[in-house]
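A short write-up of the structure that comes next.
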Amino acid sequence: MIRLEKISLIFGRGTADENEALKNVSLTVNPGDFITIIGSNGAGKTSLYNAVSGTYPLTSGRIFMSAGNTAGREITREPEYKRARYIGRIFQNPLLGTAGRMSLEDNMMICSRKGYPGLKISLNRQTRDYFRSHLAALDMGLENRLRDNVELFSGGQRQALTLLMTVMSKPSLLLLDEHTAALDPHNAELVMQLTLRFAREYKLTVMMVTHNMKDALETGNRLLMMDSGDIILDIGAEEKAKLTTADIITRFKDIKKKELSNDEMLLG
Ligand SMILES: Nc1ncnc2c1ncn2[C@@H]1O[C@H](COP(=O)(O)OP(=O)(O)O)[C@@H](O)[C@H]1O
Ligand SMILES: [Mg+2]
């Protein structure tokens with residue numbers, strides 16, 4: 001689906017503030033993967049998404065994208081707005097995914113045209129019925145509120161809506177960046193359940209950054225741990241099913257200790 005080949009992202013190169021957000025990261029995401037990603041603040045999780053989405057140009061490395069059985073197409077230099085046609089991304093802040101001052105139906109219209117501004121879809125009875133049928137699936141009563149401005153909705157409703165609109169655009173890859181972290185526990189659970197349902201129903205390929213260890217362990221078929229701009233653990237479904245939070249912490253400490261002793265050897 002997507003292949004990262006030794007990608008680096010260095011900010012402020014050559015200055016005193018030089019910061020290597022990604023260090024030669026290689027990763028292959030397979031079609032249908034649901035990957036959870038953990039790692040402390042500043043580990044490089046969001047930077048990984050920025051690299052995949054094309055938010056910042058890479059310092060080095062290459063990115064390939066493939067759909068179905070096609071050979072990978074290099075997208076290293078493809079601009080972000082073009083990648084947005086096939087890469088969906090949802091952020092922590094529920095206000096970012098929708099435009100508050102616009103009606104629900106206008107938000108959905110704009111999203112349907114995403115990446116194709118010239119596309120002619122008009123708001124008629126047919127499109128409204130189409131929107132309503134999808135909104136009903138959220139079970140939040142939003143199908144009766146097409147004309148309401150989105151700012152009237154709760155954070156949970158807005159995040160569920162963002163998720164729905166993103167999924168309706170059938171992304172090849174869905175990037176979730178702590179998308180439930182700003183919600184209260186009830187809404188976080190609701191959006192999480194919705195995420196799982198959509199992933200199944202739409203056969204999505206998903207990467208999900210989370211601080212919630214339970215979600216990270218119980219969701220998906222693969223777990224990545226990031227640290228200091230690197231992927232330090234990549235655990236498959238079988239092993240993941242047996243893991244506990246305590247195991248992860250132990251593994252993390254073991255890896256860090258090894259790194260430290262390597263450095264000490266170098267210095268010695
Ligand atoms: N636009 C930027 N300019 C400079 N440094 C950045 C920028 N974005 C991220 N960084 C740095 O890169 C590192 C990784 O950050 P980030 O990817 O946001 O981590 P995470 O999402 O895991 O918390 C941090 O040290 C952060 O300060
Ligand atoms: Mg982040």
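No value in this document is a laboratory result; all are computed from the given coordinates. No experiment lies behind these values; they were computed from the predicted model shown. In this analysis, Cβ positions are derived from the backbone assuming ideal geometry, glycine residues included, and neighbour counts consider all displayed protein chains.
Using 0.36 nm times the number of residues separating Glu201 and Thr127, minus their current alpha carbon distance, what extension gain do you get?
Extra length from Glu201 to Thr127 when fully extended: 24.5 nm.
Hey, with R₀ at 51 Å, roughly what FRET efficiency would Asp139 and Ser60 work out to, going by the Cβ-Cβ distance, to 0.05?
0.65
For the stretch 47-114, count the residues as N, evaluate 2.2 N^0.38 Å, and divide the Cα radius of gyration by that value, please. Don't jump to the answer; show the numbers that get you there.
On the way: Rg = 14.7 Å, N = 68, 2.2 N^0.38 = 10.9 Å.
Ratio of Rg to 2.2 N^0.38 Å for the stretch 47-114: 1.34.
Give me the percent relative contact order of the stretch 125-268, please, defined on Cα pairs under 8 angstrom at least 6 residues apart. Kindly include the intermediate steps, with their values, before the conclusion.
Values: 109 pairs, mean separation 20.7, N = 144.
Dividing the mean separation by the residue count of the stretch 125-268 yields 14 percent.
What distance in nm separates the simple spin-label points at Ser228 and Ser8, each placed 7 Å from Cα in the Cβ direction?
1.5
Please report the antiparallel percentage of DSSP beta bridges with both residues in the chain, rounded to the nearest 5.
55
Taking the Cβ of Arg62 as the centre, find all other residues whose Cβ is under 9 Å away and add up their charges (Lys, Arg: +1; Asp, Glu: -1).
On the way: positive: Arg3, Lys6; negative: Glu5, Glu74.
Charge balance near Arg62 sits at 0.
Just to be sure I understand the rule: take each whole DSSP H helix in the chain, project its Cα atoms onto its long axis, keep it if the span is 15 Å or more and its mean Kyte-Doolittle hydropathy is at least 0.5. Which ones pass?
TM-like helix candidates: 155-168.
Could you tell me the relative contact order of the stretch 20-86? Use alpha-carbon pairs under 8 Å, at least six residues apart, and round to a whole percent. Write down the numbers at each step before the final one.
On the way: 48 pairs, mean separation 17.5, N = 67.
Reported relative contact order: 26 percent.
Using the scaling law 2.2 N^0.38 Å as the reference, what is the normalised Cα Rg of the stretch 147-204? Mind showing how you got there, number by number?
Working: Rg = 11.6 Å, N = 58, 2.2 N^0.38 = 10.3 Å.
Output field value: 1.12.
Starting from the stretch 145-226, pick out the trypsin sites (Lys or Arg not before Pro) whose DSSP state is loop and whose Cβ has at most 11 other Cβ atoms within 10 Å.
Details: sites: Arg145, Arg147, Arg158, Arg197, Arg200, Lys203, Lys214, Arg222; in loops: Arg145, Arg147, Lys203.
When the trypsin sites (Lys or Arg not before Pro) of the stretch 145-226 are filtered for loop state and at most 11 Cβ neighbours within 10 Å, Arg147, Lys203 remain.
What is the diffusion coefficient of the chain in µm²/s, taking the Kirkwood radius over Cα pairs and the Stokes-Einstein relation at 37 °C with a viscosity of 0.692 mPa s?
Calculated translational D: 165 µm²/s.
Per-residue ellipticity at 222 nm for the chain, helices alone: DSSP H runs ≥ 4 residues times -39500 (n - 2.57), over residue total, nearest 500 deg cm²/dmol?
-11500 deg cm²/dmol, from helical runs alone.
Give me the percent relative contact order of the stretch 16-149, please, defined on Cα pairs under 8 angstrom at least 6 residues apart.
Once normalised by length, the contact order is 16 percent.
If you count the DSSP beta bridges with both ends in the stretch 128-236, what percent of them are antiparallel, to the nearest 5?
Numbers: 6 of 10 bridges.
Within the stretch 128-236, antiparallel bridges account for around 60 percent of the total.
May I ask which of Lys214/Lys253; Lys82/Lys240; Lys6/Lys253; Lys23/Lys253 have a Cα-Cα span longer than 30 Å here?
From the list (Lys214/Lys253; Lys82/Lys240; Lys6/Lys253; Lys23/Lys253), the Cα-Cα distance tops 30 Å for Lys82/Lys240.
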